[in-house]
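Enquirer: My structure is below; once you've seen it, I'll send some questions.
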Amino acid sequence: MRLTVLGSTGSIGTQTLSIVRDNPGEFTVEVITGNRNTRLLELQAREFKPKLVCAADETCANELRTKLADMDIKVLGGKESIKEAAAFENSDTAVVSVVGMAGIEPTLAAIRSGKRIALANKETLVAAGAVIKKSLKKYGGELLPVDSEHSAIFQSMLGMHDRSEIKRIILTASGGTFYGKKLDELRDVTPDQAMHNPNWDMGAKVTIDSSTLVNKGLEMIEAKWLFDIDIDRIKVVVHRQSILHSAVEFTDNAVIAQLGAPDMRLPIQFALTYPKRMPIRDNELDLCKCADLTFEEPDTETFYALELAKKAGRDNGTLAAVFNAADEEAVELFMSGRLKYTQIAEAIEYAMDRHKSVKNPSLEDIYEADKEARRAVAEDFAGGK
Ligand code: MG
């Protein structure tokens, strides 16, 4: 199988490449793209010998051209070249693990070129779900989730007779770093305290987002688009151990779930090899060693960003793009000390309240909503209103 890995130097990108490394003969890497980490891009290019490597801009690309002068690899730089990389024809599957809104257009380019999309970028579906769905329909595309929860839902639906038999989706949440805490205990939380996650090793933004439950909110909206289901039929359940990765409840009350040790290799690999499964070394789940699996309702009074996400998810227009952008901006301001931790949710609500949703949005409408939300948070909310 021929792969394009968009965002190869990030957490999902490097884990994708380690799956390739662990399964000699199964995959070839045709394209890798990264941002500014030219050192790692060089190492990856030498190891996996792709035909095309893309970096953030011309400066990085020139640096890479010099480093890779002894190899027969095409090197490009800049935003447009990432789209070109996404559409690279000699490849079957594009892993989209680019961070942020920058994932939308490469995903669309990959869909247009007829590739399977293994999607690890949340913003693509959260902000542009309607646009992506339209494009998938038009080009007969296939989009598979890489996120552990969505992969679990996808796996739980395999073999289902008919979609009408789905009663609800049960989306599990680890509860984050501040599980059990109340709002007034969280006001003085520092970035360092919020950066600690016990079960998963993730990037900074995702770690903060899982502590505020914004991450779960984004995942609800993602699930709504992925599985064509009303957001009110997605139930979030706090499950501290991260062993049951999510489930589907059917009309006859059967609950089918996927369990496993917390290991991103499984959902990444399954998105690549579906419908086949391939062995993964280590990290077997020993059920006898996880006797205490707990499930409970989320505390939506403290972590009310989850309720805001639901509201955003009921709107099929631009409100979810606002939810996403306002959070991104607020997290950045929190990390730089300009907002308090509890103001992250307040800032999201502030931006959402001020937004007039555009129904059936174009990409331009979505980018406009994104910009407007960032401005509302950075200038009006943080700047003293
Ligand atoms: Mg997740």
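The values are calculated or read from the model by the stated rules, or taken from the named source; none is laboratory data. Remember, predicted model here, so these are calculated numbers, not experimental data. Here Cβ is always computed from backbone atoms with ideal geometry, including for glycine, and neighbour counts include all displayed protein chains. Heavy atoms of the whole protein, side chains included, go into the accessibility calculation; ligands, DNA and RNA do not. Shrake-Rupley method; radii C 1.70, N 1.55, O 1.52, S 1.80 Å.
Enquirer: Out of everything in region 60-104 that is part of a helix (DSSP H, G or I) and in contact (Cβ under 8 Å) with a residue 60 or more places away in the chain, what residue ends up being farthest from the chain's Cα centre (by Cα)? Give the derivation first.
Expert: First, the residues of region 60-104 that are part of a helix (DSSP H, G or I): 60-67, 79-86, 100-104.
With the extra rule that they be in contact (Cβ under 8 Å) with a residue 60 or more places away in the chain, the set shrinks to 82, 85-86, 100-101, 103-104.
Details: Ile82: 18, Ala85: 20, Ala86: 17, Gly100: 9, Met101: 11, Gly103: 10, Ile104: 12 Å.
In this case the residue turns out to be Ala85.
Enquirer: Another question, then. Kindly establish whether Glu379 is open to solvent by 40 Å² or more (accessible area, probe 1.4 Å), part of a helix (DSSP H, G or I) and within 18 Å of Ala309 (Cβ to Cβ).
Expert: Answer is no for this residue.
Enquirer: Open to solvent by 30 Å² or more (accessible area, probe 1.4 Å) and either assigned to a strand (DSSP E or B) or closer than 30 Å to Gly25 by Cβ (or both) - does that describe any residue in region 116-130?
Expert: yes
Enquirer: Could you tell me whether region 166-179 includes any residue that is under 29 Å from Val5 (Cα atoms) and more than 16 Å from the ligand (Cβ to nearest atom)?
Expert: Within region 166-179, not a single residue is under 29 Å from Val5 (Cα atoms) and more than 16 Å from the ligand (Cβ to nearest atom).
Enquirer: So, one more: Checking the condition modelled with pLDDT of 90 or more, touching a Gly at 6+ places or on another chain (Cβ under 9 Å) and at positive phi, which residue from Leu213, Leu226 passes?
Expert: Answer to the check: Leu213.
Enquirer: Under the condition of being under 10 Å from Ser81 (Cβ atoms) and open to solvent by 20 Å² or more (accessible area, probe 1.4 Å), which residue from region 35-59 is farthest from the chain's Cα centre (by Cα)?
Expert: Glu58
Enquirer: Quick check on my filter: what residues within region 215-228 are more than 12 Å from the ligand (Cβ to nearest atom) and either within 17 Å of the chain's Cα centre (by Cα) or open to solvent by less than 10 Å² (accessible area, probe 1.4 Å) (or both)?
Expert: Correct list: Ile221, Lys224, Trp225, Leu226, Phe227.
Enquirer: Kindly provide the set of residues from region 39-63 that are over 24 Å from Arg2 (Cβ atoms) and in contact with a strand residue (DSSP E or B) (Cβ under 6 Å, 6 or more places away or on another chain), ordered by number.
Expert: Scanning region 39-63 gives Asp57, Glu58, Cys60.
Enquirer: Hey, could you check region 113-162 for residues that are hydroxyl-bearing (Ser, Thr, Tyr) and within 16 Å of the ligand (Cβ to nearest atom) and say which is nearest to Asp327 (Cα to Cα)?
Expert: Checking each candidate, the answer is Thr124.
Enquirer: For a quick check of your reading of the model, give me the residue pairs whose first member lies in region 158-177 and is surrounded by 10 or more Cβ atoms within 10 Å (Cβ to Cβ), whose second is basic (Lys, Arg) and assigned to a strand (DSSP E or B), with beta-carbon atoms closer than 9 Å and at least 6 apart or on different chains.
Expert: Arg168/Lys235; Ile169/Lys235; Ile170/Lys235; Leu171/Lys235
Enquirer: All but one of (1) open to solvent by less than 40 Å² (accessible area, probe 1.4 Å); (2) away from the ligand (no atom under 14 Å from the Cβ); (3) over 29 Å from Ile104 (Cα atoms); (4) of a type outside the set (Ser, Thr, Tyr) hold for Asp188, so report the exception by its number.
Expert: Result: Asp188 fails condition (1) only.
Enquirer: A further question follows. For region 288-297, indicate whether the set of residues that are farther than 30 Å from Glu185 by Cβ, outside any loop (DSSP other than H, G, I, E, B) and either at pLDDT 95 or above or in contact with a strand residue (DSSP E or B) (Cβ under 7 Å, 6 or more places away or on another chain) (or both) is non-empty.
Expert: Checked against the condition, which is being farther than 30 Å from Glu185 by Cβ, outside any loop (DSSP other than H, G, I, E, B) and either at pLDDT 95 or above or in contact with a strand residue (DSSP E or B) (Cβ under 7 Å, 6 or more places away or on another chain) (or both), region 288-297 yields no hits at all.
This table checks each residue for (1) within 13 Å of Ala312 (Cα to Cα); (2) open to solvent by less than 10 Å² (accessible area, probe 1.4 Å).
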| site | (1), (2) |
| --- | --- |
| Glu328 | no, no |
| Glu332 | no, no |
| Ile348 | yes, yes |
| Asp353 | yes, no |
| Tyr367 | no, no |
| Gly383 | no, no |
